[in-house]
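Remarks on the structure that follows.
The values are calculated or read from the model by the stated rules, or taken from the named source; none is laboratory data. Computed from a prediction, not measured in an experiment: that's the story for all the values here. Using ideal geometry, Cβ is built from the backbone for each residue, glycine included, and neighbour counts are taken over all protein chains shown.
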Amino acid sequence: MNAPQTAREFAIDPIPEGAIFRIERPAKLNALTRPVLLGLAACLDELEARGARLLVVTGAGERAFCAGTDLGELQTLDPDARIAKSTMARELLVRLSRSRLVSVAAVNGLAFGGGLELAMACTLRIAAAHASFSLPEVKLGLLPAYAGTQFLPALVGKARALEIMMTGRTIAADEALSIGLVHRLAEHGSSLPDQAVGFGREVVRWPAGALAWIRRCVDAAGEQVAHAGLSVEDAAVRATFDSADAREGVAAFLEKRQPRFGQG
């Protein structure tokens with residue numbers, strides 16, 4: 001992926017550590033279609049195959065990160081095809097959430113429905129000050145279909161997740177930050193995708209193995225310290241304690257120099 005790739009509904013721009021995937025449907029508030037989902041899946045395939053470290057996901061324009069599934073497209077599908085699209089999207093977002101890639105959602109506007117689910121599937125989230133968030137499916141007699149019922153309580157807790165999903169209300173960026181739905185708000189005067197790349201680089205500068213184990217341990221953690229989570233942490237400690245990167249990190253600290261990770 002050495003040069004920008006553009007399709008009618010999405011674009012992929014290479015960066016040294018991976019790529020920026022941008023939904024290119026601003027007139028439709030970057031709503032998710034099957035081609036967009038397939039494009040994201042192909043992007044993941046390519047990045048994972050070559051051992052890339054970072055993926056930034058964003059939307060074109062300033063109005064919307066992603067307004068959710070394209071209801072116009074949905075109306076053209078028969079019931080089986082609707083379920084197939086939902087299943088594909090759910091499996092893709094779960095895959096993204098579990099990928100060894102560090103993914104950063106650069107939320108440049110509203111993130112509603114499947115758009116919020118896409119953002120929640122990313123490892124990290126940075127939002128513009130005017131961004132807003134909602135899972136409004138209940139207002140259509142539906143419920144979040146792309147793993148949102150699982151992502152949201154994992155991020156903000158069961159009680160708050162129930163309130164958000166059962167009211168379908170809209171959350172402003174400052175509240176999203178305060179409840180842990182996003183990690184950072186973007187600074188004024190610098191491009192949001194650039195800030196998202198910088199955020200990701202703060203993470204991917206460190207050894208991939210240690211990062212993967214940290215994420216696995218956190219995923220195993222429950223609301224209370226439990227044996228299952230502690231068992232995962234024990235396995236992680238054993239796996240990383242005598243790794244080449246760990247030995248290099250300790251040596252560099254003692255020798256008062258910058259570590260050279262990934263050499264062993």
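Residues in region 13-50 that are part of a strand (DSSP E or B) and within 16 Å of the chain's Cα centre (by Cα): 7 in all. Note on region 145-162: among residues that are in contact with a helix residue (DSSP H, G or I) (Cβ under 7 Å, 6 or more places away or on another chain) and of a type in the set (A, V, I, L, M, F, W, C), the one that is nearest to L32 (Cα to Cα) is A145. For region 88-126, taking the residues that are in contact with a helix residue (DSSP H, G or I) (Cβ under 6 Å, 6 or more places away or on another chain) and of a type in the set (K, R), the one that is nearest to A154 (Cα to Cα) is identified as R125. What do you reckon, is V197 closer than 24 Å to S99 by Cβ, hydrophobic (A, V, I, L, M, F, W, C), touching a Leu at 6+ places or on another chain (Cβ under 9 Å) and part of a helix (DSSP H, G or I)? For V197, the condition - closer than 24 Å to S99 by Cβ, hydrophobic (A, V, I, L, M, F, W, C), touching a Leu at 6+ places or on another chain (Cβ under 9 Å) and part of a helix (DSSP H, G or I) - is met. Residues in region 217-237: is at least one out of contact with any Lys or Arg (no Cβ under 8 Å at 6 or more places or on another chain), at pLDDT 90 or above and surrounded by fewer than 17 Cβ atoms within 10 Å (Cβ to Cβ)? Looking through region 217-237, at least one residue is out of contact with any Lys or Arg (no Cβ under 8 Å at 6 or more places or on another chain), at pLDDT 90 or above and surrounded by fewer than 17 Cβ atoms within 10 Å (Cβ to Cβ).
Rundown of residues vs (1) closer than 19 Å to L38 by Cα; (2) touching a residue at least 60 places away in the same chain (Cβ under 8 Å), yes/no style:
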site	(1), (2)
L93	yes, no
S97	yes, no
R100	no, yes
A105	yes, yes
N108	no, yes
L116	yes, no
K139	no, no
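Can you pull out every residue in region 66-116 that is buried (at least 19 other Cβ atoms within 10 Å of the Cβ), assigned to a loop (DSSP other than H, G, I, E, B) and of a type outside the set (D, E)? Those that are buried (at least 19 other Cβ atoms within 10 Å of the Cβ), assigned to a loop (DSSP other than H, G, I, E, B) and of a type outside the set (D, E): A67, G68, L101, N108, G109, G113.
Here is a yes/no grid of residues against (1) surrounded by fewer than 18 Cβ atoms within 10 Å (Cβ to Cβ); (2) farther than 24 Å from A60 by Cα:
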residue	(1), (2)
I126	no, no
L135	no, no
L143	yes, yes
L152	no, yes
L162	yes, yes
M166	yes, yes
T170	yes, no
